[in-house]
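Take a look at the structure set out below.
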Amino acid sequence: MSKNILLLFLLSFSIYLHGQIRKISEQGNGLINLERHQVKLNMFGPGVSYELGLFRNVSVSTSLGPAIATYSEGYTFGFAWHTRLRYYHNFKRRLDMRKNVTGNSGDYLSAARSVFWAPLQLSNNLDAPSDFALAFYGGVYGIQRTYPKGFNFTAELGLGYYRGDGVLDGYGPLFNFTFGWVATKRRNRKPVIKY
């Protein structure tokens, strides 16, 4: 119960914070590199994701899609609900190299949470009842690229703590890969040429 209240508070606070700092600019030229809202439809293992640009290089995202959880007690593969707080660390470098940052194309570090529910799992080797749940809490490093026609891929690799409900707890890695299409309009960003 308290986790649900905390999650609701964090979501409400991030929406409020987004409204308050919408006008913050980056690099003094009025551009904010993050998309304000980005919805992506995943093509592999159907899924959907939403990313909200908060400020400068920070966004929050949520998605439902396939993922693999492996830890000391075994593995599970199937659909998971992912929530992320992302910090994109290379927008300026990508712009300086005249590379695309449209559609949040960049590399990021993220605080991560992923929840795997038994009915949405396709395969596992866990000693678990039919109604188990497994939650990942940790950090991930990810890359995301969006191409001019809207095609997008995201790949994440992380390490963290797995807390089980009906299965044992443990530590281990998480891998997440999505390929899809960005359904929201993307702002065209041309690299700024400094004289």
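Coordinate-derived values only; no laboratory data. Predicted model only: the values in this text are computed from it and were never measured. Using ideal geometry, Cβ is built from the backbone for each residue, glycine included, and neighbour counts are taken over all protein chains shown.
Some observations on this one:
- Here's the picture: charge each Lys and Arg Cβ at +1 and each Asp and Glu Cβ at -1 in region 42-141, and of VAL58, THR83, SER72 the one pushed furthest to the positive end of that dipole is VAL58.
- Computed across region 72-171, the Kirkwood hydrodynamic radius from all distinct Cα-Cα pairs reaches 15.2 Å.
- Summed side-chain charge close to PRO119 - residues other than PRO119 whose Cβ falls under 15 Å, Lys, Arg +1, Asp, Glu -1: -2
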